[in-house]
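Dropping a structure here in structure tokens format, bear with me for questions.
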Ligand code: 5GP
Ligand code: ZN
């Protein structure tokens, strides 16, 4: 999508601190980290949100989670980490290209705010 921030990162139009990538997904550091490790994992194909995900995205979403696991391991988050999908503005979604936040490196409270 032309005017999507994360599609522009996938295309290489915008720079990001990429930490991992495969055929399906890409992981890069959040520009405004909320924990010592805060990485975003996105599918290379544009999907606006979880609400917009379809049956045909099943494998893509699975790959996204597996890349999140790989990133967490590579970042040394063996003691625990959180994977968050904000869906919709009221839940805090601000970029409408689906992304999983991988957060770790500090004690994470529950429930989240
Ligand atoms: P959301 O609020 O949609 O769940 O998460 C969007 C995330 O994208 C936020 O944590 C925000 O800091 C991050 N973000 C916004 N713009 C950029 C950017 O240009 N580069 C990177 N690396 N992260 C961004
Ligand atoms: Zn996009």
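Only the coordinates and a few stated rules stand behind these numbers; no lab work does. A quick note: this is a predicted structure, and the numbers were derived from the prediction, not measured. Here the Cβ is made from the backbone with ideal geometry for all residues, glycine too, and neighbour counts use every protein chain on show.
Ranked by Cβ crowding within 10 angstrom, fewest neighbours first, how are 75, 13 ordered? All intermediate terms of the calculation are to be shown ahead of the outcome.
Values: 75 19, 13 10.
Fewest to most other Cβ atoms nearby, the residues stand as 13, 75.
Compute the helix-to-body angle for 58-74: its Cα long axis versus the longest principal axis of the chain, expressed 0 to 90° and rounded to tens.
Tilt relative to the chain: about 40 degrees.
Given the -39500 (n - 2.57) contribution per DSSP H run of 4+ residues, what per-residue ellipticity at 222 nm results for the chain, rounded to the nearest 500 deg cm²/dmol?
The helix contribution divided over the chain gives -6500 deg cm²/dmol.
In addition: Just the Cα atoms of the chain: what Rg and Dmax do they give in Å?
Rg then Dmax for the chain, in Å: 13.4, 39.
Along the Cα→Cβ direction, 7 angstrom out, place labels at residue 46 and residue 73. What is the inter-label distance in nm?
Label-label distance for residue 46 and residue 73, simple model: 3.3 nm.
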